[in-house]
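Visitor: Have a look at this one.
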Amino acid sequence: MDRRIVAGNWKMNTTLREGVVLAEQLSQLVNRIPAGVEVIVAPPFTHLTEVRRALNPRIMLGAQDCSSRAQGAFTGDVSAEMLKDCGVEWVILGHSERRQYHGDDTPTLREKLGRVASVGLKPIFCVGEPENIRAQGQQNAWDWVAGQLKLLRGLGDSVLRELIVAYEPIWAIGTGKTATPEDAGWMCLRITRWLTSEIGEIGGMVPVLYGGSCNAANAKEIFSQPGVSGGLIGGASLKPEEFVSIACSF
Ligand code: 13P
């Protein structure tokens with residue numbers, strides 16, 4: 001059966017207290033979400049332990065990034081092992097904001113994927129084209145995304161089995177400009193096709209999420225597209241009623 005997944009990326013939002021309250025509110029509403037829908041939230045690093053405590057166990061914990069190194073003199077970094085220790089199961093990697101503001105390039109992301117896999121965490125790997133590339137047409141957007149997917153080629157089966165890919169066109173993130181459901185579906189299907197042909201059958205099983213101004217009003221139409229397994233939600237994941245409503249949109 002196809003997987004249905006909704007992940008909330010809180011980004012650099014909420015104080016610790018606000019984050020715990022948000023986790024408590026989500027936990028109170030979680031029973032509304034149909035069985036079988038996988039729900040993940042990724043709060044800031046500083047909130048992980050407290051949010052884990054406040055969350056209903058039905059909701060899985062994610063982190064927004066991790067270090068490319070295992071441990072040592074890397075001031076400010078947080079390792080995959082530390083995340084695992086906090087109860088994290090999922091790690092978002094390659095988010096466009098990390099690529100843009102923190103120089104997460106292909107070699108760095110390859111190392112991060114390796115770190116995540118080495119401690120048994122599961123990656124949510126983000127891809128997506130910038131606005132100027134999209135303006136040159138869908139095919140150009142696809143070529144860009146295919147270029148980003150290439151680094152998944154070397155991954156072992158155990159990582160691929162636990163991988164999620166999120167298609168997040170950069171121009172749609174936090175802008176209120178959503179991809180049309182058809183375009184989102186087309187890209188997600190292309191990603192699945194690419195994963196099948198380049199990686200094999202196991203690649204074809206990887207769920208592909210859409211992200212970028214996804215909200216309670218547009219989620220149903222986007223999630224109904226063949227190839228879309230759910231959403232990676234930014235702004236709307238900070239509103240418990242709305243996030244739960246998105247998770248009920250399959
Ligand atoms: P928005 O839903 O706020 O556009 O953010 C999407 C995103 O970047 C999730 O990772």
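Visitor: Apply 1/(1 + (r/R0)^6) to the Cβ-Cβ distance of C248 and D143, taking R0 = 25 Å, and write down the FRET efficiency to the nearest 0.05.
Guide: With R0 = 25 Å, the Cβ-Cβ based efficiency is 0.10.
Visitor: Something else about it: Rounded to the nearest Å, what's the spacing between the alpha carbon centres of region 86-149 and region 43-81? Just the number, please.
Guide: 18 Å
Visitor: Once you put a point 7 Å from the Cα of T15 and another 7 Å from the Cα of K220, both along the Cβ direction, what distance in nm separates them?
Guide: Reported label-point gap for T15 and K220 is 3.8 nm.
Visitor: Which of V145, C126, V159 sits closest to the plus end of the dipole of region 115-176, meaning its Cα is farthest towards the positive end, when Lys and Arg get +1 and Asp and Glu get -1 on the C-beta?
Guide: Sorting the options by dipole projection puts first V159.
Visitor: So, one more: Using alpha-carbon pairs under 8 Å, 6+ residues apart, how would you state the relative contact order of the chain in percent?
Guide: 21 percent
Visitor: What list of ³J(HN,Hα) values in whole Hz, one per residue of region 13-23 in order, does the Karplus curve 6.51 cos²θ - 1.76 cosθ + 1.60 (θ = phi - 60°) give from phi, with Gly and Pro shown as x?
Guide: Each residue's phi maps through the Karplus curve to give 10, 6, 6, 4, 4, 4, x, 5, 4, 4, 5 Hz.
Visitor: What residues qualify as long-range amide H neighbours of A166, i.e. H under 5 Å apart, gap of 5 or more or another chain, H built at 1.01 Å from N?
Guide: Placed amide hydrogens put F125, C126, V127, L209 under 5 Å from A166.
Visitor: Right, something else. Classify region 16-145: rounded, prolate or oblate, from the alpha-carbon gyration tensor (a ≥ b ≥ c, eigenvalue square roots; a/c under 1.5 rounded; otherwise prolate if a/b is larger than b/c)?
Guide: oblate
Visitor: Pick from S197, S68, S237: which is most flexible by mean-square fluctuation in a GNM of the chain where alpha carbon atoms under 10 Å apart are linked?
Guide: S197
Visitor: Net charge around R3, counting only other residues with Cβ within less than 15 Å of its Cβ (Lys, Arg = +1; Asp, Glu = -1)?
Guide: Spelling it out: positives minus negatives among the neighbours equals -1.
Visitor: Report the Rg/Rh value for the chain, based on alpha-carbon coordinates and the Kirkwood definition of Rh.
Guide: Taking Rh as the inverse mean 1/r over Cα pairs, Rg/Rh reads 0.94.
Visitor: Hey, how many Å between the Cα centroid of region 1-38 and the Cα centroid of region 168-183?
Guide: 21 Å
Visitor: Continuing with this model, one more query. How much space per residue, in cubic angstrom, does the convex hull of the C-alpha atoms of region 146-244 take up?
Guide: Hull volume normalised by residue count: 98 Å³.
No lab work stands behind these numbers, since they all come straight from the coordinates. Remember, it's a predicted structure, so these values are computed and weren't measured experimentally. As a convention, Cβ positions derive from the backbone with ideal geometry for all residues, glycine included, and neighbour counts pool all protein chains shown.
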